[in-house]
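The values are calculated or read from the model by the stated rules, or taken from the named source; none is laboratory data. What you are looking at is a predicted structure, and each value in this text was computed from that prediction instead of being measured. Cβ sites come from the backbone with ideal geometry, for glycine too, and all protein chains shown count toward neighbours. Areas reflect the complete protein model, heavy atoms only, side chains present, ligands, DNA and RNA absent. Shrake-Rupley method; radii C 1.70, N 1.55, O 1.52, S 1.80 Å.
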Amino acid sequence: MDPAKTLERADQALGEQLERVVVAHHRRRLGRVGQLGSLDAPPGGWAEGDPPPCDGNRIEVLVDGANALPELERAIEEARSHVWLAGWHFSPELELPSGGTLRDLLAEAATRADVRVLAWAGAPLPLFRPARRDVRKMREQLVRGTRIKCALDDRERPMHCHHEKILIVDGGVAFVGGIDLTLAGGDRRDAPSHPPRGDLGWHDATARVEGPAAADVAAHFALRWQEVTGEALQPEPAGKQEGGIELQVVRTVPNNVYDRLPRGDFRIVESYLRALRSAERLVYLENQFLWSPEIVAVLKDKLRNPPSDDFRLVVLLPSKAKSGEEDTRGQLGVLVDADAGAGRFLACTLWQPGPEACPVYVHAKIGIVDDRWLTIGSANLNEHSLFNDTEMNVVTHDPALARDVRLRLWAEHLECDQSEVDGDPARVIDERWRPHAEEQLERARRDGHSPHKLRLLPGVSRRSKSLLGPLSGFLVDG
């Protein structure tokens, strides 16, 4: 018997068993707190619970730091009553597009407005970064000599963190996305062209929201601030309608972390499952991880039983997650097997172009289904984000917005005009995405580099690492 095939079969059996254990654990946990509906949600529709979707919003999706950071900076500069920030980590010395630092920007805003920063308190054990002492040092650097108030949230589940990235300005404007205002882990100040710069590239996104949905973001910040500090904030009431977009703010809050949310909130995974189960023609995902067995199971079923002849699944992931420390391609082998050579599934990654290229770390968390459903936020498609870390996403069912964002992203990655990626998505994927990505991977293998950014994600045709996603879920995420 071929030893390689024997190993592959053993790997597959163990991976599938671990997945069953992880999924069963999640179902028991959510069942105990009356939240099993998040996993059993039917196809389509909005997530149940609060806050409900609200109309009258304006949203602008800002892709990559070069586009997002100036807008974040401008909003803080224009603040008049308050600036509330929550994030995984902050770097006071982060240089902003104006040339000033994050600390300078917030210190100046604090002379005329209430500036509050809520950061994760850091890892209690020396297994993760940043450590507790590093975060305390960060807080001292940020607030010393200023009117900035900074609280550290240590009410986390063991081995997990507070991961959301939100900014609320004057109650009427909110930013929700994946961009941390930190230098930890990588430099977020990258441009859509991702030029070589002697370091890891960084592809990310956030959304600027105005209207009633901004009040929902502010209410969440106020809840967390009160849980951590005991101080009650008075967020602005739902603001006036600013546009015609219906949005829903969804979040992950683990159960038994905050007194005011003892049952937790798992509506990010509910939103994804509803959308993916309803998919008919196209699923497009940009994410840092694709480990969740609940998500992968739905995608696997779509590939095995395609809802239409032109159904396609495209994922954009980093070549290696956590800046090269972990290989996240295991679950992709499951999807390759499910596709069975039909050509419906395509996995890609990004590199800086040219001979001095470094990888581009895909940190964006964007989902688009059938050009009618769009989500953007801080949640990765792993068990950390869907069950254990605090996260926030915004969701819309606006077809025009979903399609516009997809065309912008595809044009960016394929380095072409939006008109060139318009038309039937299946045709564009088959005739442009796949040949381009395959050619660039081949050139990189032959020449050591490629002239364009998009590449096929190599190594996804084998299941030899299919354990990694379930194993991480079993040991860490669950």
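With R₀ set to 41 Å, the beta-carbon distance separating Ser193 from Glu16 gives a calculated FRET efficiency near 0.50. For the stretch 344-379, the residues whose backbone nitrogen is under 19 Å from a point 7 Å from the Cα of Glu439, taken along Cα to Cβ, are 346-355.
Annotation: the antiparallel percentage among DSSP beta bridges lying fully within the chain is about 65. To the nearest ten degrees, helix 212-229 and the longest principal axis of the Cα atoms of the chain are 70 degrees apart. Orientation-averaged projection of the chain equals 21.9 nm² [convex hull of Cα atoms, one quarter of hull surface area]. Computed from the Cβ-Cβ distance with R0 of 25 Å, the FRET efficiency linking Arg27 to Met159 stands at 0.80.
When each of the peptides 113-123, 221-231, 201-211 is scored by the mean number of other C-beta atoms lying within 10 Å of its residues, the order from highest to lowest reads 201-211, 113-123, 221-231.
Placing +1 on each Lys and Arg Cβ and -1 on each Asp and Glu Cβ, with no other charges, gives the stretch 357-453 a dipole about its Cα centre of roughly 200 debye. Taking the helices alone, the chain has a mean residue ellipticity at 222 nm of -10500 deg cm²/dmol, built from -39,500 (n - 2.57) per DSSP H run of at least 4 residues and averaged over all its residues. Across the stretch 317-432, Cα pairs under 8 Å and at least six residues apart give a relative contact order of 17 percent.
Based only on Cα atoms, what mean projected area does the convex hull of the stretch 236-319 have, in nm²?
The orientation-averaged projected area of the Cα hull of the stretch 236-319 comes to 8.9 nm².
Over the stretch 41-147, what is the mean sequence separation of C-alpha contacts under 8 Å (at least six apart), divided by residue count, expressed as relative contact order in percent? It would help to have the intermediate numbers written out before the result.
Details: 101 pairs, mean separation 24.3, N = 107.
Relative contact order here is 23 percent.
Relative contact order of the stretch 186-275, taken over Cα pairs closer than 8 Å and 6 or more residues apart, is 19 percent.
In units of the rule-of-thumb radius 2.2 N^0.38 Å, the stretch 1-138 shows an alpha carbon radius of gyration of 1.62.
Based on alpha carbons, the Rg and Dmax found for the stretch 163-204 are 12.8, 39 Å. Relative to one another, the C-alpha centroids of the stretch 143-184 and the stretch 48-96 are positioned 11 Å apart. In plain terms, if you count all Cα to Cα distances in the stretch 112-172 and split them into 10 Å steps from zero, the share in each step is 20, 47, 27, 6 percent. Given a 1.4 Å probe and the protein chains as shown, Arg267 ends up with an accessible area of around 10 Å².
What is the magnitude of the charge dipole of the stretch 267-392 about its Cα centre, with +1 placed on the Cβ of each Lys and Arg, -1 on the Cβ of each Asp and Glu, and no other charges, expressed in debye to the nearest 20? Display every interim value, and only then the final one.
Values: 14 positive and 18 negative charges, 45 e Å.
Charge dipole, the stretch 267-392, about its Cα centre: 220 debye, nearest 20.
Once all protein chains are placed together, Glu242 keeps about 50 Å² accessible to a 1.4 angstrom probe.
First check a/c for the stretch 320-436, with a ≥ b ≥ c the square roots of the eigenvalues of its C-alpha gyration tensor; if it is under 1.5, answer rounded, and if not, answer prolate when a/b is larger than b/c or oblate otherwise. Intermediate values should be presented prior to the final figure.
Numbers: a/c = 1.35, a/b = 1.10, b/c = 1.23.
Cα axes put the stretch 320-436 in the rounded bin.
For the pair Glu231 and Leu36 in one chain, pulling the backbone fully straight at 0.36 nm per residue adds 67.0 nm over the alpha carbon distance.
How big is Rg to Rh over the stretch 264-368, alpha-carbon atoms, Rh as the Kirkwood inverse-mean-distance radius? Mind dumping the intermediate values first?
On the way: Rg = 14.4 Å, Rh = 14.6 Å.
The Rg/Rh ratio comes out at 0.99.
Relative to the dominant Cα principal axis of the chain, helix 65-77 is inclined by about 20°.
Relative to the longest principal axis of the Cα atoms of the chain, helix 3-32 runs at roughly 40 degrees.
Please state the charge dipole magnitude for the chain, taken about the Cα centre, from unit charges on C-beta atoms (+1 on K and R, -1 on D and E), reported in debye and rounded to the nearest 20. It would help to have the intermediate numbers written out before the result.
Numbers: 62 positive and 74 negative charges, 269 e Å.
It comes to approximately 1300 debye.
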